[in-house]
Amino acid sequence: MFLSVFFFLTGKLREMLPLHINQKLRKKEMGEENKVTLYGMWASPFVRRVKIALKIKGIPYEYVEEDLRNKSQFLLQYNPVHKKVPVLVHNGNPIAESLIILEYINETWKNGPKILPEDPFERAKVRFWADFLQQQFLDSLRSATKSSGEAHEKAMKDVFEKLTVFEEGTEGFFPNGTPHFEGENLGFLDIVLCSLFGSHKVGEEALAMKIIDPERHPLIHSWVTAMNELPVVKETLPPHDKMVSFIQSLRGNSLD
Amino acid sequence: MAEEVKLFGKWASPFSRRIEVALKLKGVEYEFIEEDVFNKSPALLNYNPVHKKVPVLVHNGKPIAESLVIMEYIDETWKHNPILPVDPFEKAMARFWAKFIDDKFWAIWPAAKKAMISGGEKEREEGVEEAQQHLKVLETQLKEKKFFGGERLGFVEITASLIVCIVVAQGALGVEILTQDKFPALHELTQKFADDDVFKQCVPPREKHSAYFKALWGALAASK
């Protein structure tokens, strides 16, 4: 009887709390408080970025694998605009677009390594180059993978030119010349680069084209190689053979 | 150290206009350097060697390019009168919608241009339809998310201000694309810009702006 009185009283007390605290308590009971869910696809480099960031920050999360040919109701509800992965759901709130998710993670979980620099100018630089890779570079790469023959040759030339622009533009980030990582402190731009080129050997095998050549782009090559040694990067690498088949089938489909 | 803020831009560019609005909202004094797109200054090419475009903000000698990156820099450097929300989730939403608007604009603008300069009526109609299709997506999303709330202009609204170009261009070339009856929410947004004290200082006089589009595309339209 004492217990039932106790619960009755606490229930009444709770009703007296301000609405936002009441809602927070209710969410906690429902298990949503601080719950992190990542909707992804095993081969996606964009999803990989988020996995790396969550691992660096030591944030526990539930992973949901999506079949992109048969998207779940959850994905369509959480990302109705683009219907794509990755989507991060935190406290019931969905965030889409990998770069936006990385910024959200950086701003929400303040403990652990910082993903973005503190200084606004340094931040602007990494955002600029991440945007360059995400827009200009990826557009070139897409043209290259969708074309064949002479058009493909021309597109690949453009891809290499873009990489050269990136290589020359980011030299200043490494005053000692060689990229070097303390512990697992990957930053925003490192994560983007790693997701795009970390599996470059897979791409080379699958497509018989060398994208990251140590002679043509020594900085990018050494940057990616240094990152590939880190456990957090190794742990998020999709299985090699599975990736090769997957990329080959994508290329086959896009050339039809 | 005395603050030195320079903005390399163009009076007709909606992208450099975003930066002017952001700086003015923050009350930051700056020097505006008008660039001639056909004769870019050595300074611009030095400060933005990658894209060679405006806007470029140079703060105490440090250059920042890409309008959305510049706006974030401004918000993080001059912390009063925030442009972006403080809450991380709301900030993420603002970034998402700003990017969405930017990406959509690059689909709308070529279609609008086609509508305004094409020789054949069929082609012009196709341009109008295509532009309106993309605008419809923008209209629906903006209406649902209610970006017009609040007194001041925020990150998303400043980003969206480039729709003013569509309104001015269509008026100058006599084409109807972004109409009030089809796009009430977008139309309301353009009114908000027209009424905003800060935005008014950054937009050129209507006649000058219209004349710019007439000169840019009028000749192309007439020659077909």
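The values are calculated or read from the model by the stated rules, or taken from the named source; none is laboratory data. As the structure is a computational prediction, the values presented were derived from the model and not from experiment. Note that we place each Cβ from the backbone using ideal geometry, even for glycine, and neighbour counts take in every protein chain shown. These accessible areas exclude ligands, DNA and RNA; they are computed on the full protein's heavy atoms, side chains included. Shrake-Rupley method; radii C 1.70, N 1.55, O 1.52, S 1.80 Å.
Among the residues of segment B:131-147, how many are open to solvent by 70 Å² or more (accessible area, probe 1.4 Å) and either acidic (Asp, Glu) or within 10 Å of chain A (Cβ to nearest Cβ) (or both)?
1
How many residues does segment B:29-65 hold that are within 14 Å of B:Lys10 (Cα to Cα) and in a loop (DSSP other than H, G, I, E, B)?
The total comes to 9.
Restricting segment B:36-62 to residues that are in contact with a Gly (Cβ under 7 Å, 6 or more places away or on another chain) and crowded, with 19+ Cβ neighbours inside 10 Å, which is nearest to the other protein chains (Cβ to nearest Cβ)?
Top of the filtered list is B:Pro55.
Restricting to segment A:122-140, name every residue that is more than 28 Å from A:Thr37 (Cα to Cα) and either open to solvent by 40 Å² or more (accessible area, probe 1.4 Å) or part of a strand (DSSP E or B) (or both).
A:Glu122, A:Lys125, A:Gln136, A:Asp139 - these are the residues of segment A:122-140 that are more than 28 Å from A:Thr37 (Cα to Cα) and either open to solvent by 40 Å² or more (accessible area, probe 1.4 Å) or part of a strand (DSSP E or B) (or both).
Looking at B:Ala65, B:Ala94, can you tell me which residue is under 30 Å from A:Asn79 (Cα atoms), facing chain A (nearest Cβ under 10 Å), in contact with a Pro (Cβ under 8 Å, 6 or more places away or on another chain) and modelled with pLDDT under 95?
B:Ala94
Within the set of pairs 6+ apart or on separate chains, which have a first residue in segment B:160-182 that is without any contact (Cβ under 8 Å) to a residue 12 or more places away in the chain, a second that is open to solvent by 20 Å² or more (accessible area, probe 1.4 Å), and C-beta atoms under 7 Å apart?
These pairs meet every condition: B:Gln180/B:His187.
Let me spell it out: the conditions are (1) under 27 Å from A:Ile105 (Cβ atoms); (2) open to solvent by 30 Å² or more (accessible area, probe 1.4 Å); (3) part of a loop (DSSP other than H, G, I, E, B); (4) in contact (Cβ under 8 Å) with a residue 12 or more places away in the chain, and A:Leu186 meets all of them except one. Which number is the exception?
For A:Leu186, the exception is condition (2).
Could you check segment B:72-85 and list, in sequence order, the residues that are more than 10 Å from chain A (Cβ to nearest Cβ) and among the hydrophobic types (A, V, I, L, M, F, W, C)?
Result: B:Ile83, B:Leu84.
Kindly indicate which of B:Ala94, B:Ala111 is buried (at least 19 other Cβ atoms within 10 Å of the Cβ), free of Cβ contacts under 8 Å to residues at least 24 places away in the same chain and not acidic (Asp, Glu).
On inspection, the qualifying residue turns out to be B:Ala111.
Scanning for something assigned to a strand (DSSP E or B), more than 9 Å from chain B (Cβ to nearest Cβ) and either open to solvent by 50 Å² or more (accessible area, probe 1.4 Å) or at pLDDT 95 or above (or both), does segment A:100-121 turn up at least one residue?
No, that holds for no residue.
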